[in-house]
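Participant: Before I ask anything, let me first share the structure, which is written out below as structure tokens.
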Amino acid sequence: MGYTKPPVPHHGTPFHTGDYHKDRMPAAALEHSQPVIIEGSVVSADGTRIAYRRLGTGPVLVFVHGSVSTHTDWMRVAKLLAPHYTCYTIDRRGRAHSGPGHSSYSLEREYEDIAAVIAQTGPVAALIGHSYGAICTLGAALRNPVPRLVVYEPPLPTGGPIAGEFLEPYKRAIAAGDLDTALEIGFRHFTRISDQAIASLRATKAWPRLRTLAHTWIRELEAMDTLDPTVDRYAALTCPILMLEGSLSAEHPLRDASRALAKVLPSARVETIDGQGHVAIRNAPETVARLIASFLAS
């Protein structure tokens, strides 16, 4: 999933990070710079064009966004890491400049899309995914191992369906062109945020963008609800893994899935971002960038 709550006031550095040490990434490296951004694309296995934005210099990081979102969700974090890493922020199929797909949708196509980008970039230092994008990165890493993996709250159905009985009402609202109602259904029942938070989000500039992406959520919800609720398959991932979670995120389907994953991943390091929910990549990008940089340096 993607954007689930509006920005919250950010004062200082509101997070608890376990064994994180702030001095691993100098403050100057986290200044808001304006790196050169180059647009590019690759062709995936089924012929679909997958677009990306490239910025920075150094070892390669590949970022994969969640539902109802685009590469822009990761751009704030990528810009902070760009002084030390070459960052590729992908537009998943059906978003922005990427093609809609030349074959029936499935998670397998997402894995192929990521593999096509990595084939273009050369060896990656880390594959980084948020929400549904984290599900995509987990599956992609199972098929084509990477040196390191960062996953931020993959909504796996470990505690029950993600959409369940609310998928049909969502689909009906989309079919009727009632995108506001559809998004309200989605944020209330799929990402489990409060009505107050939804009302606040509707008042932001992000809402019109979310409306344009609302239809893309359907096939991803269908894919999530058909996944095996057990996570034992991910035990095959042996690379170092950073798992990020927000202290304010919904118990299901976010924190319960993260806990289930942590039990089976042999090399997982869990970092809880205090005072943040599912979208710290937008609301607290400095925190997320520092955690990723610390993980990569460890």
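The values are calculated or read from the model by the stated rules, or taken from the named source; none is laboratory data. Not measured: the values here are computed from a predicted model. No Cβ is skipped: glycine too gets one built from the backbone with ideal geometry, and neighbour counts run over all protein chains shown.
Participant: Within the range 184-191, identify whether any single residue is surrounded by fewer than 19 Cβ atoms within 10 Å (Cβ to Cβ) and either at pLDDT below 95 or of a type in the set (A, V, I, L, M) (or both), and answer yes or no. Explain how you work it out, then say what you get.
Facilitator: As a first pass, look at the range 184-191 and keep what is surrounded by fewer than 19 Cβ atoms within 10 Å (Cβ to Cβ): 184, 188-189.
Now drop any that are not either at pLDDT below 95 or of a type in the set (A, V, I, L, M) (or both), which leaves none.
Scanning the range 184-191, I find no residue that is surrounded by fewer than 19 Cβ atoms within 10 Å (Cβ to Cβ) and either at pLDDT below 95 or of a type in the set (A, V, I, L, M) (or both), so the answer is no.
Participant: Next up: Taking the range 158-181, which residues are surrounded by 19 or more Cβ atoms within 10 Å (Cβ to Cβ) and in contact (Cβ under 8 Å) with a residue 24 or more places away in the chain?
Facilitator: Here is the first cut: in the range 158-181, the residues surrounded by 19 or more Cβ atoms within 10 Å (Cβ to Cβ) are 158, 162-163, 167, 170, 173-174.
Residues satisfying the conditions are T158, I162, A163, L167, Y170, I174.
Participant: I've got another one for you. Just a yes or no: is a residue in the range 108-128 without any contact (Cβ under 8 Å) to a residue 60 or more places away in the chain, under 22 Å from L213 (Cβ atoms), of a type in the set (D, E, K, R) and buried (at least 19 other Cβ atoms within 10 Å of the Cβ)?
Facilitator: Scanning the range 108-128, I find at least one residue that is without any contact (Cβ under 8 Å) to a residue 60 or more places away in the chain, under 22 Å from L213 (Cβ atoms), of a type in the set (D, E, K, R) and buried (at least 19 other Cβ atoms within 10 Å of the Cβ), so the answer is yes.
Participant: If you don't mind, another one. Report yes if some residue within the range 146-157 is in a helix (DSSP H, G or I) and in contact (Cβ under 8 Å) with a residue 24 or more places away in the chain; otherwise report no.
Facilitator: Residues of the range 146-157 in a helix (DSSP H, G or I): 157.
Still in the running and in contact (Cβ under 8 Å) with a residue 24 or more places away in the chain: 157.
Looking through the range 146-157, at least one residue is in a helix (DSSP H, G or I) and in contact (Cβ under 8 Å) with a residue 24 or more places away in the chain.
Participant: Those residues that are in a helix (DSSP H, G or I) and charged (D, E, K, R), I need them from the range 252-269; list them, please. I'd like the intermediate steps shown before the answer.
Facilitator: Quick first cut of the range 252-269, residues in a helix (DSSP H, G or I) only: 252-264.
Once the filter is applied, which keeps residues that are in a helix (DSSP H, G or I) and charged (D, E, K, R), the range 252-269 yields R255, D256, R259, K263.
Participant: While we're looking at this one, here's another question. Quick one: which residue in S103, S131 is closer than 22 Å to H215 by Cβ and in contact with a Lys or Arg (Cβ under 7 Å, 6 or more places away or on another chain)?
Facilitator: Numbers: S131 fails: in contact with a Lys or Arg (Cβ under 7 Å, 6 or more places away or on another chain).
Sole residue among the options that is closer than 22 Å to H215 by Cβ and in contact with a Lys or Arg (Cβ under 7 Å, 6 or more places away or on another chain): S103.
Participant: If I ask for residues that are of a type in the set (G, A, S), in a helix (DSSP H, G or I) and surrounded by fewer than 24 Cβ atoms within 10 Å (Cβ to Cβ), which ones from the range 278-298 would you list? Explain how you work it out, then say what you get.
Facilitator: Initial filter on the range 278-298 (of a type in the set (G, A, S)): 280, 284, 289, 293-294, 297-298.
Subset that is in a helix (DSSP H, G or I): 280, 289, 293-294, 297.
Answer for the range 278-298, where residues must be of a type in the set (G, A, S), in a helix (DSSP H, G or I) and surrounded by fewer than 24 Cβ atoms within 10 Å (Cβ to Cβ): A289, A293, S294, A297.
Participant: What residue, of I241, I218, I281, I273, is among the hydrophobic types (A, V, I, L, M, F, W, C) and over 16 Å from the mean Cα position of the chain (by Cα)? Give the derivation first.
Facilitator: Working: I241 fails: over 16 Å from the mean Cα position of the chain (by Cα); I281 fails: over 16 Å from the mean Cα position of the chain (by Cα); I273 fails: over 16 Å from the mean Cα position of the chain (by Cα).
Step by step, each of I241, I218, I281, I273 is checked, and only I218 is among the hydrophobic types (A, V, I, L, M, F, W, C) and over 16 Å from the mean Cα position of the chain (by Cα).
Participant: For residues that are in contact (Cβ under 8 Å) with a residue 12 or more places away in the chain, assigned to a helix (DSSP H, G or I) and polar (S, T, N, Q), tally how many sit in the range 211-251.
Facilitator: Adding up the residues that qualify gives 1.
Participant: Now a separate question. Condition first: modelled with pLDDT under 95, surrounded by 13 or more Cβ atoms within 10 Å (Cβ to Cβ) and of a type in the set (S, T, N, Q). Now tell me which residues in the range 11-67 satisfy that. Working first, answer last.
Facilitator: Quick first cut of the range 11-67, residues modelled with pLDDT under 95 only: 11-35.
From what's left, surrounded by 13 or more Cβ atoms within 10 Å (Cβ to Cβ): 13-15, 17, 20, 24-25, 29-30, 33, 35.
T13, T17, S33 - these are the residues of the range 11-67 that are modelled with pLDDT under 95, surrounded by 13 or more Cβ atoms within 10 Å (Cβ to Cβ) and of a type in the set (S, T, N, Q).
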